[in-house]
Amino acid sequence: MNSQVRIYLDRMLKVQRAPIRKGIKASHKSVLMITLIEMIDRGHTKKNAFYLNESLIKRFRFNWDYFPTQGRGDIYLPFYHLKNSINQNESFWYIKSLQSLKIERPFTSLTNLFMQVDYGYFDEDLFTILLREDARKYILKGLIEYFFPERLDEYISSLNSYSRRLKEWE
């Protein structure tokens with residue numbers, strides 16, 4: 001895989017994750033990144049704009065249940081906080097507010113997020129990379145391997161099974 005793809009995967013693997021309790025970190029951002037890539041993979045978006053619609057929320061909840069996670073599976077916190085997860089020079093996720101104003105504070109609910117955010121989007125270079133199937137699969141595999149290694153064998157050995165599970169969701 002080319003170096004730019006690896007650079008973006010490394011950035012995604014460096015996202016800060018909040019501690020849930022001693023030794024356990026939250027999986028919200030990693031589940032969101034996987035979900036966003038799946039939305040591209042399944043053809044749910046062709047442009048670099050991820051709206052908090054029913055399809056995205058359901059896909060996130062499906063993945064939340066599929067991958068070993070703890071805590072509440074709310075999408076609004078990672079949707080907002082993913083933009084601040086690594087240093088600014090390495091950012092790859094951004095938020096477009098409804099009024100084109102800078103959003104200063106985190107959200108306390110999905111309703112609050114709906115009232116202020118138009119959509120989220122990837123860095124243009126990353127989005128272009130994710131449009132390529134080989135790069136998308138490489139990054140998706142890397143995310144699963146790093147954040148959910150207990151699911152990696154299933155992912156590698158049975159992409160069809162994984163795809164069937166996704167189709168069950170739809």
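In plain terms, the chain from ARG151 to LYS58 could stretch by 31.5 nm, reckoned as 0.36 nm per residue minus the Cα-Cα distance. Computed from label points 7 Å out along Cα-Cβ, the spacing between HIS44 and SER3 is 3.5 nm. Taking amide H as placed 1.01 Å from N in the peptide plane, the amide H of TYR119 sits under 5 Å from that of LYS96, each at least 5 places away or on another chain. In this simple spin-label approximation, LEU13 and MET115 carry label points 7 Å from Cα along the Cα→Cβ vector, and these lie 4.1 nm apart.
Where a number appears in this text, it was derived from the coordinates with a stated rule and is not lab data. Nothing here was measured: the structure is a model prediction, and the numbers come from that model. Here Cβ is always computed from backbone atoms with ideal geometry, including for glycine, and neighbour counts include all displayed protein chains.
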